[in-house]
Amino acid sequence: MKNIEDLIQKAAELQSNGLVTGQIADELNVSRETVTWLLTRSKKDVSVPAPKDISVNWSSIGKSATRLHYISLALCDMVLETLEKTNAEVDVVVGVAASGIPLASMMANELGADFALYHSRKGQDVVQPGHKGTISRNFGTVAGKNCVIVDDVITTGSTTMEVIEQLREMDAKPRVVVVLVDKKGADTIANVPIQSLVRIVRLD
């Protein structure tokens, strides 16, 4: 139970520091629904059933550039194995802000590809219809290029779907998504293969 109490405290702390629900979810690697539950639980006087979710703490990797490097090599191997089946090349590695950026930049270097940065809409507390994320103008372009999408965790797949749709609208070709942990357990999202180092399978 201590881990739950730690999550509740961390969620409340992040909220008091000005982060919105989507940002807290990204920081704790849980769904937005779980963040809402954690923040509700922090008020102590409200009892709401817990959502079915798993918190992923990969800080033991994230705090070490050496470990990030080795993990990025493993992800590169998975990318190359996947793309070999379609004879596609890697032109751009797209890191999903913020947690996908360190791995994506290392992977771009290893694969000899450009690096692009995607700001998702999950930083908005209320996502308005039609609001989209964006590719940063300070990094590589994606139009007409074969793209590999890199993030840390897939929870519901909504961010991954958002990135894929945005890339396609920009005439880019998303070829594969690679993540550390896949909590959704899908083989593909919008016909793009998903590769993960760890896949969570819920036995209900």
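The values are calculated or read from the model by the stated rules, or taken from the named source; none is laboratory data. Keep in mind it's a predicted model, so treat the numbers as computed, not measured. Reconstructed Cβ throughout: ideal geometry from the backbone, glycine too, with neighbour counts over all protein chains shown. Just the protein is used for accessible areas: all its heavy atoms, side chains included, with ligands, DNA and RNA removed. Shrake-Rupley method; radii C 1.70, N 1.55, O 1.52, S 1.80 Å.
Of all residues in segment 152-177, count the ones that are part of a helix (DSSP H, G or I), touching a helix residue (DSSP H, G or I) at 6+ places or on another chain (Cβ under 7 Å) and in contact (Cβ under 8 Å) with a residue 60 or more places away in the chain.
Pass one, segment 152-177, residues part of a helix (DSSP H, G or I): 158-169.
Narrowing further to those that are touching a helix residue (DSSP H, G or I) at 6+ places or on another chain (Cβ under 7 Å): 159, 162.
So of that shortlist, the ones also in contact (Cβ under 8 Å) with a residue 60 or more places away in the chain come out as 159.
Within segment 152-177, residues that are part of a helix (DSSP H, G or I), touching a helix residue (DSSP H, G or I) at 6+ places or on another chain (Cβ under 7 Å) and in contact (Cβ under 8 Å) with a residue 60 or more places away in the chain number 1.
Could you tell me how many of the residues in segment 109-123 are polar (S, T, N, Q) and within 11 Å of the chain's Cα centre (by Cα)? Explain how you work it out, then say what you get.
Let us first name the residues in segment 109-123 that are polar (S, T, N, Q), namely 109, 120.
Subsequent filtering for residues that are within 11 Å of the chain's Cα centre (by Cα) retains 120.
The qualifying residues number 1.
Out of the residues in segment 82-108 meeting the condition of being among the hydroxyl-bearing types (Ser, Thr, Tyr) and under 16 Å from the mean Cα position of the chain (by Cα), tell me which one is surrounded by the fewest Cβ atoms within 10 Å (Cβ to Cβ). Steps first, please.
Kept after step one, since they are among the hydroxyl-bearing types (Ser, Thr, Tyr), are these residues of segment 82-108: 82, 86, 99, 105.
With the extra rule that they be under 16 Å from the mean Cα position of the chain (by Cα), the set shrinks to 99, 105.
Details: Ser99: 20, Ser105: 18.
Ranking the qualifying residues of segment 82-108, first place goes to Ser105.
What's the number of the condition Arg67 fails, among (1) surrounded by fewer than 18 Cβ atoms within 10 Å (Cβ to Cβ); (2) modelled with pLDDT under 95; (3) of a type in the set (Lys, Arg)?
In the conditions (1) surrounded by fewer than 18 Cβ atoms within 10 Å (Cβ to Cβ); (2) modelled with pLDDT under 95; (3) of a type in the set (Lys, Arg), Arg67 misses (2) alone.
Checking the condition closer than 19 Å to Val179 by Cα and not in a helix (DSSP H, G or I), which residue from Ser60, Ser55, Ser72 passes?
Working: Ser60 fails: not in a helix (DSSP H, G or I); Ser72 fails: not in a helix (DSSP H, G or I).
On inspection, the qualifying residue turns out to be Ser55.
Any idea how many residues of segment 82-95 are at negative phi and free of Cβ contacts under 8 Å to residues at least 60 places away in the same chain? Walk me through it before giving the result.
Residues of segment 82-95 at negative phi: 82-86, 88-95.
Of the ones still in play, those that are also free of Cβ contacts under 8 Å to residues at least 60 places away in the same chain are 84-85, 89, 91, 93, 95.
Of the residues in segment 82-95, 6 are at negative phi and free of Cβ contacts under 8 Å to residues at least 60 places away in the same chain.
Of the residues that make up segment 178-189, is at least one of a type in the set (D, E, K, R), touching a residue at least 24 places away in the same chain (Cβ under 8 Å), surrounded by fewer than 23 Cβ atoms within 10 Å (Cβ to Cβ) and under 18 Å from Asn29 (Cβ atoms)? Explain how you work it out, then say what you get.
Restricting attention to segment 178-189, the residues satisfying the condition of being of a type in the set (D, E, K, R) are 182-184, 187.
Within this subset, residues satisfying the condition of being touching a residue at least 24 places away in the same chain (Cβ under 8 Å) are 182-184.
Filter again for surrounded by fewer than 23 Cβ atoms within 10 Å (Cβ to Cβ), leaving 184.
Imposing the further condition that a residue be under 18 Å from Asn29 (Cβ atoms) reduces the set to 184.
Taking every residue of segment 178-189 in turn, at least one turns out to be of a type in the set (D, E, K, R), touching a residue at least 24 places away in the same chain (Cβ under 8 Å), surrounded by fewer than 23 Cβ atoms within 10 Å (Cβ to Cβ) and under 18 Å from Asn29 (Cβ atoms).
Within segment 133-158, track down each residue that is of a type in the set (Val, Ile, Thr), open to solvent by 20 Å² or more (accessible area, probe 1.4 Å) and closer than 20 Å to Arg202 by Cβ.
Selection gives Thr155, Thr156.
Hey, can you tell me all the residues within segment 25-44 that are buried (at least 17 other Cβ atoms within 10 Å of the Cβ) and part of a helix (DSSP H, G or I)?
Selection gives Ala25, Asp26, Leu28, Arg32, Thr34, Val35, Trp37, Leu38, Leu39, Arg41.
Out of the residues in segment 190-201 meeting the condition of being part of a loop (DSSP other than H, G, I, E, B) and touching a residue at least 12 places away in the same chain (Cβ under 8 Å), tell me which one is least open to solvent (accessible area, probe 1.4 Å).
Selected residue: Ala190.
Identify, please: which residue in segment 70-81 is without any contact (Cβ under 8 Å) to a residue 40 or more places away in the chain and crowded, with 16+ Cβ neighbours inside 10 Å and is, among those, farthest from Asp151 (Cα to Cα)?
Filtering segment 70-81 for residues that are without any contact (Cβ under 8 Å) to a residue 40 or more places away in the chain and crowded, with 16+ Cβ neighbours inside 10 Å, the one farthest from Asp151 (Cα to Cα) comes out as Cys76.
Name the residue, out of Ser99, Ser105, that is at pLDDT 90 or above and part of a helix (DSSP H, G or I).
Values: Ser99 fails: part of a helix (DSSP H, G or I).
Residue meeting the stated conditions: Ser105.
Looking at (1) part of a helix (DSSP H, G or I); (2) farther than 21 Å from Gly100 by Cα, which is the one condition that is false for Arg67?
For Arg67, the exception is condition (2).
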